[in-house]
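One structure is given below, encoded as structure tokens.
The values are calculated or read from the model by the stated rules, or taken from the named source; none is laboratory data. Keep in mind it's a predicted model, so treat the numbers as computed, not measured. Positions of Cβ are generated from backbone atoms using ideal geometry, with glycine treated the same way; all protein chains shown enter the neighbour counts. Each accessible area value is taken on the protein alone, full model and side chains, heavy atoms only, with ligands, DNA and RNA left out. Shrake-Rupley method; radii C 1.70, N 1.55, O 1.52, S 1.80 Å.
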Amino acid sequence: VASSEKAVSSSVRKAFSEATDGKRASDASVSVAAKAGTGDQSERLARLRRDEYASLLPWRARAERLEAEAALGFGATLPVIPASWKPIGVIGAVLAFSAGFALRLLLRNSRRRWTYSLFFVSAALAVFAITVYTRDPGPAGVLRGASLYHVPDAESSVIDELPEGTAVRVGKTIGDWTFVRTFADLGGWVSSDAVISYSGMEQ
């Protein structure tokens, strides 16, 4: 009986030990996962891109976004152009040019040379505004993770599997399907539910 009790007690102790070790391992993995941030990465990236797109000071959001994308294994991704800089560039260029032109009319010939600096500022702001407008990819979004199809039909062939967090340019929508194009210029159709928009569309 004594040997039987020892066998039972040792097996019970072993079972409890394994359960405790498993719980500790589980707790450790939860702790590591919590630090790594295992939430909805696509939602987070969309929020960071939206903040970067709409902010006058986008550097903090950009740094967080690049760090999050690097953690997910992304290399080069779709750039984000701060849309709030667009009117500043245009309005600044118009104001600087207007001020330079007005001062050129009002000042004497000997002082007109000072207006050249305003024309230079106006030209620089105009170039800046054009650059911002032309580099903006337009409607864009982040994917929750989706299959990229040749045509808007689930029965069609799959071009590629796009991982969660992939940033894409967004084109037309047909029914429940949206045409997207990746940074690598890979185009195709995904389910509209998989797209989280951050620029150029209804948020």
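So here's what we get for this one:
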item: All positions within region 183-203 that are under 19 Å from residue 62 (Cα atoms) and of a type in the set (Val, Ile, Thr); result: 196
item: Matching entry among 117, 122 (being closer than 26 Å to residue 52 by Cα, of a type in the set (S, T, N, Q), out of contact with any strand residue (DSSP E or B) (no Cβ under 7 Å at 6 or more places or on another chain) and at pLDDT 75 or above); result: 122
item: One residue from 126, 70, 83 being assigned to a loop (DSSP other than H, G, I, E, B), among the aliphatic types (A, V, I, L, M) and surrounded by fewer than 18 Cβ atoms within 10 Å (Cβ to Cβ); result: 83
item: Filtered residues of region 130-170 (kept if among the aromatic types (Phe, Trp, Tyr) and closer than 27 Å to residue 52 by Cα); result: 133
item: Selected residue (only one of 123, 99, 129, 61 is touching a Leu at 6+ places or on another chain (Cβ under 9 Å), of a type in the set (A, V, I, L, M), farther than 30 Å from residue 164 by Cβ and in contact (Cβ under 8 Å) with a residue 12 or more places away in the chain); result: 99
item: Region 129-173, subset of a type in the set (S, T, N, Q) and in a helix (DSSP H, G or I), residue surrounded by the fewest Cβ atoms within 10 Å (Cβ to Cβ); result: 134
item: Condition met for residue 65 (open to solvent by 60 Å² or more (accessible area, probe 1.4 Å) and either closer than 29 Å to residue 193 by Cβ or assigned to a helix (DSSP H, G or I) (or both)); result: no
item: Looking only at region 174-203, and only at residues there that are in contact (Cβ under 8 Å) with a residue 40 or more places away in the chain, in a loop (DSSP other than H, G, I, E, B) and in contact with a Ser or Thr (Cβ under 7 Å, 6 or more places away or on another chain), the one that is nearest to residue 77 (Cα to Cα); result: 183
item: Residues (touching a helix residue (DSSP H, G or I) at 6+ places or on another chain (Cβ under 9 Å) and not in a helix (DSSP H, G or I)) located in region 86-117; result: 107
